[in-house]
1. Highest mean first, how do 56-67, 145-156 rank when packing is the count of other Cβ atoms within 10 Å averaged over residues?
2. How would you classify region 197-319 from its alpha-carbon gyration tensor, with a ≥ b ≥ c the square roots of the eigenvalues: rounded for a/c under 1.5, else prolate if a/b is greater than b/c, otherwise oblate?
3. Any idea what angle helix 285-302 forms with the longest principal axis of the chain, computed on alpha-carbon atoms, 0 to 90 degrees, nearest 10?
4. Put a dot 7 Å past each Cα toward the Cβ at C92 and E60; how far apart are the dots in nm?
5. Taking the highest mean first, how do the peptides 19-25, 235-241 order by number of other beta carbon atoms within 10 angstrom per residue?
6. Among Y134, Y107, what is the fewest-to-most ranking by other Cβ atoms within 10 Å?
7. What 222 nm value per residue comes from the helices of the chain, counting each DSSP H run with n ≥ 4 as -39,500 (n - 2.57) and dividing by all residues, nearest 500 deg cm²/dmol?
8. On C-alpha positions alone, give me the angle between the axis of helix 26-35 and the longest principal axis of the chain, in degrees, nearest 10.
Amino acid sequence: MYKGFLGKCGFSDYMLDYLQTAELSVRNAVEIVLYAPVSIYIKLDELKKIYESMVETAEEHEKEYCLNGIKNIEIAIRLLAEDGVFSMEESCYEGDFNTEREFIGIYASWKDVAEYVKDELEQWEPDPEERFWYHAIKWVKNKAGKYIAACEYVLVKDEILFSELQEEMEFTDIQDIVYYAPHAVDLNLPVPFKAGDILEFDGYPFGPKFRAIITEVGDNRDCCCVQALAMNKNGKWSFGAVKHGLSNRYWPMESLLYAVKPFTGELSDKEKLLLEVQQAIDGSEERGRKLWNAMYEKILEDTRDGLPEAEMRKVVERI
């Protein structure tokens, strides 16, 4: 199977080097491309290359899975030029894992949408660290002549990174609609992590950078087996499944597996507890699991979302 797509999907060097040697399924490959924070035009090209590379060897269900992804992007691109209108909203990351979304206006064509974005970028040159994006929803008339939402596009700067066909599409005259999983964060890939790794995750373009420590990897096969400890949006310490975005949820959200890398900088004072956890775990998943159990026993006693630093430190000292 063609693996050249890996270098075009926004992975950190750390993840890219690992995935180039990992065994990936067709489903892995298709979802990596579909959920990657890159242009839908790049996605379409790479999915076609994947399909061409396996068309003679893959199982029918695998070929269909890839073909569905191709068809959905093709339909989304086709809809840009269909008769109808676009509604536009602008979103930004406000901190503390919160996002704001503001209505901009209605536009008669994709050309008008693109011109609005171009004018904004020229007037307000974006900060490289700024997290903001646009939602453009294409509205077309259904068979009864009423406008319905057909597809939502997510733009970062002037590129469409994600397109999601809406269920209302089935009531239109546009043919060959194929529904595929919407933009999601639950990318289930093999990972190179091990217990005790302190990693930096980056939610760009929709969220912040933050640090976490891996406590357990398990068999590294299902979506919940890789567990990590991090400070949550309430400023407390909690565990979460890395492949599900830990406990720091915001929307939209990119999979944390794309930009992750080992953290080599200086931890802030509020994050230095990660070093104490690293020393306590000492590379042992058994000790990491013991910490997980002890922490959740304490949380369940008090019915709270995470532990303050002082209480978390007491738990660490006991393992």
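A short reminder: the numbers here are calculations on the coordinates, not readings from a lab. These numbers come from a predicted model, not from an experiment. Here the Cβ is made from the backbone with ideal geometry for all residues, glycine too, and neighbour counts use every protein chain on show.
1. Answer by packing, highest mean first, reads 145-156, 56-67.
2. Cα axes put region 197-319 in the rounded bin.
3. Helix 285-302 and the main axis of the chain meet at about 80 degrees.
4. 5.3 nm
5. Highest to lowest by the protection proxy: 235-241, 19-25.
6. Least to most surrounded, the residues fall as Y107, Y134.
7. That calculation yields -10000 deg cm²/dmol at 222 nm.
8. 80 degrees
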